[in-house]
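Note sheet for the following structure.
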DNA sequence: CGCCCGATGTGCT
DNA sequence: GCACATCGGGCGT
């Protein structure tokens, strides 16, 4: 098995970020996730991408957050441990990946919206049209590329045994390059939540 | 490039 | 019923 090691001299991608790092507001975790690695290991292959776009969703008050409906079967994971994967199905065909934040009992999560390929491109391209332009710049696209679906809902992202984790390879993001905008796709969400600057992008 | 629209399943009112 | 944290193709500019 060739694990397609990461950048020379950097083994940081093997070490998952620990749960305590996610035990704070999603509006803090979301910008801090920019520049971190999203790593997938499954079927004897390994692939990773650098996170370049995130969104924060937090609290039952946030009318853009699924937790506005309170604790339900669907939102249960968001009320759980920080560092857990909250993965849901939408538009009849797409999976979206979030990382749970905040202590148990408070619903919050960060949506991973885009990554840039770091290694394991062959693994990712086998699941995405190789010729497609912008083949990882969307929350459903990156889930398809990394073989992330509902089977991983509730998975612990703080251990490699899940086959999905987030790592810091010490290629620090330039914080000055972080930009904020309103979140995408909240077309019927009332103000002020619709326009909160809770989308974070790199470059 | 932009806008428009259909695909397609499910959670919640 | 309907909205939905989307995507890709089609067609007009």
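Values computed for the structure shown
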read-out: Burial order of peptide ranges A:135-142, A:35-42, A:10-17 (average beta-carbon count within 10 Å, highest first); value: A:35-42, A:135-142, A:10-17
read-out: By average C-beta atoms within 10 angstrom, highest first, the peptides A:147-153, A:66-72; value: A:147-153, A:66-72
read-out: Separation in nanometres of the label points that stand 7 Å from Cα toward Cβ, at residue A:20 and residue A:181; value: 3.7
read-out: Principal axes of region A:1-133: Cα extent on each, largest first, Å; value: 44, 34, 25
read-out: Relative contact order %, region A:74-169, counting alpha carbon pairs below 8 Å whose residues are six or more apart; value: 29
read-out: Relative contact order (%) - chain A, alpha-carbon pairs under 8 angstrom, separation at least six; value: 28
read-out: Prolate/oblate/rounded call for region A:78-203, Cα gyration tensor, a/c under 1.5 rounded; value: rounded
read-out: Quarter of Cα convex hull surface for region A:142-203, i.e. mean projection, nm²; value: 6.5
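Since every read-out is calculated from the coordinates, none of them should be taken as a lab result. Computed from a predicted structure; not experimentally measured. Neighbour counts run over all protein chains shown; Cβ positions are idealised from the backbone, glycine included.
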